[in-house]
Structures are given as C-alpha cells and as structure tokens.
Amino acid sequence: MSKVVFIGGGNMASCLIGGMLANGFSNADILVSEPNAESRQRIEATHGISTTGDNGAAVSAADIVVLAVKPQVMGAVAAPLADSLTHNPIVVSIAAGIPVSALENWMGDALTIVRAMPNTPAMVQAGATGLFASKALNANQQSTIEGIFNAVGYACWVNKEADIDAVTAVSGSGPAYFFLVYEAMQKVGEELGLDTETSAQLTLNTALGAAKLALHSDQKPEVLRKQVTSPGGTTQAAIESFQAQDIENVFRTAMSSALNRAQEMSDDFSK
Ligand SMILES: NC(=O)c1ccc[n+]([C@@H]2O[C@H](COP(=O)([O-])OP(=O)(O)OC[C@H]3O[C@@H](n4cnc5c(N)ncnc54)[C@H](OP(=O)(O)O)[C@@H]3O)[C@@H](O)[C@H]2O)c1
C-alpha cells in the first residue's frame, strides 16, 4: 500500500480520509500533518490515524502527498516542503485555482503534480472529481489516486490542465446550481399551495430520482426528457416555457462566467 500524507486536516481532508478508510485504505497508510492541536485530536479520534504538526517530516516518507490547505496559504505551506520532496512522491493539490506552474515554482519542476477538483457532495460520498496529472503516472500511482477520490464519489481524468477550469465550471461550482434550482422549485411549490417540507422533499427526491434514472440509462438527456414529456401534457407546458426563455443559454452564460473566473484565479497565481 502507498503511504498517503495529507498536509492540512480540515473539512476536505477529513471527508477524503473517511471515504478512504471505508474503501480499503488502512489507517496505518494515512498520516495527517496539521498545525492546530485541536484539529489533530479530532482527526485522531474520528479516524484512528496518526497526525503530526511537522509538515517536512510527514512528507519525507510519503508516496503521495495531498495538499489540502486553503489556496491563499498554499505558497507559504508548499515552498518549505521542497527539501523534503527530493524522493519524488506524487503531489496532489486539491486547492481551487492554483496551477501546476505555481506548485512547480514552490516545490520544484521534477515533481509529478496532480490537480484534483472535488466538490462538496464528497462529504456524503457523492462527490464528483476531475483529475489532471502533469506527468505520466505508473499504473499503481494512478490507481491509488483514483482510489482516494473514488472513495468519495465519482472521479475522472482530464487530458489538459485547462480542462480543470471546465471541471470547476461544471462540477466544482455545480452543486450550487442545483441548490439554486432547489431553492426556486421549493419556493414556487409553496406558492402553488404545498407546505415547505412537502415542497422541499418532493423537489429533492425528484432531483435524486432524475439523476439516478439518468445514471442507470444509456440514453441522451434529450431522449430522457422527451420520454417524460407527453404531447400536450403538463411537462410540455413547463418545458416550452423554459425553452422560450432559452434555458440552455442561461446556463451557457453562467458557466462561462465560472470558467472565466477560474482562469483569472489561475492567472493570478501564475504571475
Ligand atoms: N471544501 C470543498 O468543498 C472543496 C472543494 C474543492 C476544493 N477544495 C479545496 O480544498 C482545500 C481545503 O479546503 P477545506 O474546505 O478542507 O479547508 P479547511 O477546512 O480550512 O482545511 C484546511 C486545513 O489546513 C490547515 N492548515 C493551515 N495552515 C497549514 C499549514 N501550514 N500546514 C498544514 N496545515 C495547515 C488548516 O488549519 P487551521 O484551521 O488551523 O488554519 C485547516 O485545518 C482548499 O484549497 C479548497 O480550495 C475544497
């Protein structure tokens, strides 16, 4: 088994570790380095794994280092690690908006760096993660990294680093798009006469059911939509209203804004 060391023991590290332990990783193979003693105690108590406050010592025995700190402290955390990474572990960064070039500047360009973009449903093992590797990985490295992120949901590789910005626009920010739809459907359901709880439960279970149905089907979304839209029926009335307001273009504009913002953030770190 590979030794996986987390730098930063916050929310995302904790949810990845919980998923890993539930999916075949052993506690002995995971170590967390975290400056906050209270957080270290919480991690030890929750997951039964070892922790330390010494980032350099922690990474020196790692096969895979997962950088799980906030983007704004990444430079200050990553640069001092350079001397402890000369054995060339794979470095996985889950920080939003920090490009490979910045990570290489801080830690050295001989390293293989993986950028991962998970999303918050990882907290309930239903996340979606895009992965990009700066250099070729061997089969063992690739399967260990997939194992970390598959443990908290779905994970896939993208071929170019720029695609991580597209992943950010689709699944990184995506949960909020669905929360916005949830908010609107619940509110309108109430306006149509349902109580808050009933409207919320009907909305959420419909979202879950539609996603499950689509995942279990090999049909395109357009076909699935047409299958539940009888001519002249209630669904058609609603769909025609959405289409009259060019719903696809509403998403195109919104998701392009997310993509542009992700590119701007990466550019800031590349300077
Ligand atoms: N949460 C998400 O849904 C999500 C989704 C995609 C990507 N991400 C990325 O995941 C990363 C972590 O996010 P998070 O939500 O888990 O943040 P978080 O809960 O704040 O966790 C970050 C942890 O890093 C610790 N830390 C700070 N300085 C450190 C240092 N010098 N050495 C080691 N650890 C240090 C922090 O300790 P203190 O609390 O003591 O400062 C904290 O426990 C971010 O870069 C974020 O962009 C998060």
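Here, each number is a calculation from the coordinates, and none is a lab measurement. Computed from a predicted structure; not experimentally measured. Counting neighbours? That spans all protein chains shown, and the Cβs are built from the backbone with ideal geometry, glycine included.
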Practice task
Could you check how many residues of the range 109-134 are crowded, with 16+ Cβ neighbours inside 10 Å, away from the ligand (no atom under 13 Å from the Cβ) and small (Gly, Ala, Ser)?
Solution key: 2
Problem - Spans of helices (runs of 4 or more DSSP H) in the range 189-271 with at least 2 residues under 30 Å from residue 98 (Cβ atoms) - result: 247-270
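Every residue, every condition in (1) within 13 Å of the ligand (Cβ to nearest atom); (2) part of a loop (DSSP other than H, G, I, E, B); (3) of a type in the set (D, E, K, R), yes or no:
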position: 6; (1), (2), (3): yes, no, no
position: 12; (1), (2), (3): yes, no, no
position: 16; (1), (2), (3): yes, no, no
position: 21; (1), (2), (3): no, no, no
position: 24; (1), (2), (3): no, yes, no
position: 39; (1), (2), (3): yes, no, no
position: 44; (1), (2), (3): no, no, yes
position: 51; (1), (2), (3): yes, no, no
Exercise for the section: Please find, among 93, 143, 84, 134, the residue that is touching an Asp or Glu at 6+ places or on another chain (Cβ under 8 Å) and free of Cβ contacts under 8 Å to residues at least 60 places away in the same chain. Expected result: 134
